[in-house]
Structures are given as structure tokens and as C-alpha cells.
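Working notes for the structure below.
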Amino acid sequence: MNAMPAIIWIIGVVSALAVCAVTIARSHYRDGEGLKVRPVSWAVIGAHFVTLVLVALPYPIYLQHREEIGAHAHALYEKLGWPSAIVAIGVIMLELFLMYMQARRAMLAQEAKRTARQQVEAADGDATDDGVHSADGDRDTDTADKDDDGWPSTLV
């Protein structure tokens, strides 16, 4: 029981850093493919909540079992309590920041794709106007996802 809070905390921090790595990789910062950025997946959001629980759980476990923990481990936990809490809060905030940045880049990428598609459609419409319009005068009112990437659109 002496090492249980520390083991859970370490697993939580490593998991949080893995979530950060996934969001960085999916944000395409280094490869310059900003138009391929997808919104944050539900799996990553779920992993964020799991890491939140994993880094918070050791503190109540320690408080509940502090009488059963040896003197050396007790002194170590007392000494590292606040620094470990600061690190835990830091990695959770880093996860949130990176997920926000990925979502923002995905939104901008989707807007850029939509703008480019509208410009191409406008150029095609000017060149070959076939006179087919919808009832309200728009050329295309279909809101289906027309991306060629096979992912469903998340912005409406």
C-alpha cells in the first residue's frame, strides 16, 4: 500500500503526456499539412477525463490510508504532495490547451476548405451557368459533407 498512490499518479501523468503527444501529432504542426487537421476525437476527450481521474485519485487514497503507510513513505508523500499537485495540474492544463489548439486549427482548416470549395464552385458556375437554381435562388443548398477525406463534418 505504500507505493499505490505514487504508482497511480505516475500512470496518470504518463497518460496525460500521451494525450498531449496525440494532440500534437494530430494537429500537424511539424509537417505543414494544416488543412488535414481533424477535430479532437471523442477518444482523446475520454482519455483526458481518465487522466484527470488518475492524477487526482492518489490524493484521497493517501488521505484514507495514511495510517497504514510506513514512516519513510509518509514523509516522502508529505514532502512531495504540493509539487506533485502542481505537476498534475500543469499536465491537465497542458492537455486542455493542446486540445483547444487542435480544435481551433481544425476549425480553421475546415473553413479554409469550405472557402476554397466555394471559390471553385463560383468559378465553375461563372464559366458554365446552366441556369439550374434551387427554389430560394442559391446554386447549392445541400449541407452534406463534400470533403474528400472520408471524415464526417463536425461544424454545421
On the accessible surface of the range 11-110, probed at 1.4 Å with all protein chains in place, carbon and sulfur together account for a percent value of 74 percent
Taking the reciprocal of mean 1/r across every pair of different Cα atoms in the range 1-97, the Kirkwood radius in Å is 14.7 Å
Over the range 66-123, with neighbouring protein chains present, the accessible area per residue in Å² at probe 1.4 Å is 67 Å²
Quick numbers on the range 49-88, Rg and Dmax over C-alpha atoms in Å, give 10.8, 33
Simple spin-label estimate for LEU17/PHE49, 7 Å along Cα→Cβ, in nm, reads 2.6 nm
Over the range 1-51, with neighbouring protein chains present, the accessible area per residue in Å² at probe 1.4 Å is 58 Å²
Extension length gain for MET93 and GLU111 (0.36 nm per residue less Cα distance), in nm, is 3.8 nm
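The values are calculated or read from the model by the stated rules, or taken from the named source; none is laboratory data. The structure presented is a predicted model; accordingly, all values stated were derived computationally and were not measured. Glycine gets a Cβ as well: all are built from the backbone with ideal geometry, and neighbour counts include every protein chain shown. We work out accessible area using only protein heavy atoms, side chains counted, and drop any ligands, DNA or RNA first. Shrake-Rupley method; radii C 1.70, N 1.55, O 1.52, S 1.80 Å.
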